[in-house]
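The values are calculated or read from the model by the stated rules, or taken from the named source; none is laboratory data. Just so you know, these numbers come straight off a predicted model, no measurement behind them. Cβ placement follows ideal geometry from the backbone for every residue including glycine, while neighbour counts extend to all protein chains displayed.
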Amino acid sequence: MEAFMDQATSRLSRLLTRWGLPAPLFLGYVGLLLFMIGDGVESGFIAPYMAANGAGDDIRASYIITVYGVAVMLASWLSGALSELWGPRRVMLAGLVIWLVFDVLFLLSAAGGNYTLMLVSYGLRGFGYPMFAFGFLVWITAVAPVARLGAAVGWFYFAFTGGLPTLGSLVASFTNPILGHYGTLWLSVGILALGGLVCLLGVRERTGYQRLAPPEVKPVQSLVSSLSIAWRKPRIGVGMIVRVINTAPEFGMLVFFPTIFISQIGFGESRWLLLVSVIYGTNIFFNLIFGVLSDRIGWQRTIFWFGAIGCAISILLLYFVPLALGADYYWVALLVGALYGATLAGFVPISALLPSLSPEHKGGAMALLNFGAGAAAFVGPAIVSLFLGPVGAAGVVIIFAALYVVAAVLTRFLTLPEETERAIAEDASLQEVSTR
């Protein structure tokens, strides 16, 4: 019986490896999915909820979300830098605890309509999810074979966006009519806690249990190095800017799109939440498709055509087509939403490309990459806060589209060193043999 179980485990491991998913981290991906479902439950309604429970209006709600974005930005950088010093698993544990503590404080302050406490607790809560999620991303890049890194990262974003906001919004669409917004937010705490435990207790791969930096590297030196690499290796700094642009419009549109699609266009909350689920449901599958495809056609080419150029077109269609056609053509909104979700996935290889630009500084590159991912959560809502009043919703969407064009231009500078391309080709040959 034991021999049979070992054989079955070995077959599963080979199958997962063939798919580009590091087998020792499998339960980590499962736990991450649950964690991000708990995080994503609120994504389709949190801004209107805040406006109605202490914030007063969408602008004041956007201030809370912007403070949250600043915390996310800092924590995203710290997730990479601290993983070098503590090990990814300890960073993930810290992120889980921070999220649970300040999420509970936020819910209590929202129940009392205390705007100041909401601002502080929701903001500090922003340190939680990046440390958990991006700590796991560092773990992945430390373990996955370089030739399958695009696919391994694709699986990460499959789990990440599968929860935030895809399945999270879907859960909310069923629970909001039953539990109300407040009850749904408490349910999300339990889902998130379960995911954190599955990940932290289920993954036994030892690389993530220990520091990744050499023993002689001191804490201050490691933290400074994780920032200074932006100008020591300029292409990594450029890649960080591309990563910011990748999801800044995504975070920004969730601040003001709910009001427009629910009230102005007339979809109502349920159909808006379903649209969000379609956008990111499409995204999660294309995360896998583009992750695998990018290992074959090139990471840079995938980002340029499918990510940057694709998103510049699709985000304009997502806003202007439903606005022009109205609520009677909801099915068209679903189509353009799916298109945006698919093109958003075209940026997935940036998480494989950036650390490969300087393999000897992989930890610093991941810290900067995570900083860019976190900065997007600040930049997107900040753009809305600054420009929604002066230029209106249409103007903000055009700004987002222009940013994607900028990302396309910058991507042209992200070329791999020749020695790195040779190493990837050699690793690909070895991986092909090992999975036969």
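Some notes on this structure:
- Restricting 211, 235, 243 to residues that are outside any helix (DSSP H, G or I) and either surrounded by 23 or more Cβ atoms within 10 Å (Cβ to Cβ) or modelled with pLDDT under 95 (or both) narrows the list to 211.
- The numbered conditions (1) under 22 Å from the mean Cα position of the chain (by Cα); (2) within 30 Å of residue 416 (Cα to Cα); (3) of a type in the set (Phe, Trp, Tyr) are all true for residue 231 except (1).
- Condition met for residue 62 (in a helix (DSSP H, G or I), crowded, with 23+ Cβ neighbours inside 10 Å, polar (S, T, N, Q) and touching a Ser or Thr at 6+ places or on another chain (Cβ under 8 Å)): yes
- Top-ranked residue of the range 299-358 - restricted to ones that are outside any helix (DSSP H, G or I) and not hydroxyl-bearing (Ser, Thr, Tyr), ranked as surrounded by the fewest Cβ atoms within 10 Å (Cβ to Cβ): 326
- Taking first residues from the range 240-261 that are free of Cβ contacts under 8 Å to residues at least 12 places away in the same chain and partners that are small (Gly, Ala, Ser), no Cβ contact under 8 Å between residues at least 6 apart in sequence or on separate chains turns up.
- Filtered residue count, the range 74-94, keeping only those that are buried (at least 24 other Cβ atoms within 10 Å of the Cβ) and within 16 Å of the chain's Cα centre (by Cα): 7
- Among residues of the range 247-276, those that are of a type in the set (Gly, Ala, Ser) and surrounded by fewer than 23 Cβ atoms within 10 Å (Cβ to Cβ), counted: 4
- Taking (1) loosely packed, with under 14 Cβ neighbours inside 10 Å; (2) at pLDDT 90 or above; (3) not acidic (Asp, Glu) in turn, residue 417 satisfies each apart from (2).
Yes or no, residue by residue, for (1) closer than 18 Å to residue 366 by Cβ; (2) modelled with pLDDT of 90 or more:
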| position | (1), (2) |
| --- | --- |
| 103 | no, yes |
| 106 | no, yes |
| 113 | no, no |
| 119 | no, yes |
| 137 | yes, yes |
| 142 | yes, no |
| 148 | yes, no |
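- One residue alone among 367, 382, 376 is modelled with pLDDT under 95, over 18 Å from residue 280 (Cβ atoms), among the aliphatic types (A, V, I, L, M) and in contact with an Asp or Glu (Cβ under 8 Å, 6 or more places away or on another chain), and that residue is 367.
- Single match in 174, 132 (criterion: of a type outside the set (Lys, Arg), surrounded by 24 or more Cβ atoms within 10 Å (Cβ to Cβ) and in a helix (DSSP H, G or I)): 132
- Scan the range 97-123 for residues that are surrounded by fewer than 20 Cβ atoms within 10 Å (Cβ to Cβ) and assigned to a helix (DSSP H, G or I) and the total you get is 12.
- Look at (1) farther than 28 Å from residue 408 by Cα; (2) of a type in the set (S, T, N, Q); (3) touching a Phe, Trp or Tyr at 6+ places or on another chain (Cβ under 6 Å) and you find that residue 210 fails only one, number (3).
- Note on the range 214-227: among residues that are in contact (Cβ under 8 Å) with a residue 24 or more places away in the chain and not β-branched (Val, Ile, Thr), the one that is surrounded by the fewest Cβ atoms within 10 Å (Cβ to Cβ) is 219.
- Selection from the range 278-295 of residues that are small (Gly, Ala, Ser) and buried (at least 24 other Cβ atoms within 10 Å of the Cβ): 291, 294
- Test result for residue 166, farther than 13 Å from residue 23 by Cα, of a type outside the set (Lys, Arg) and over 14 Å from the mean Cα position of the chain (by Cα): no
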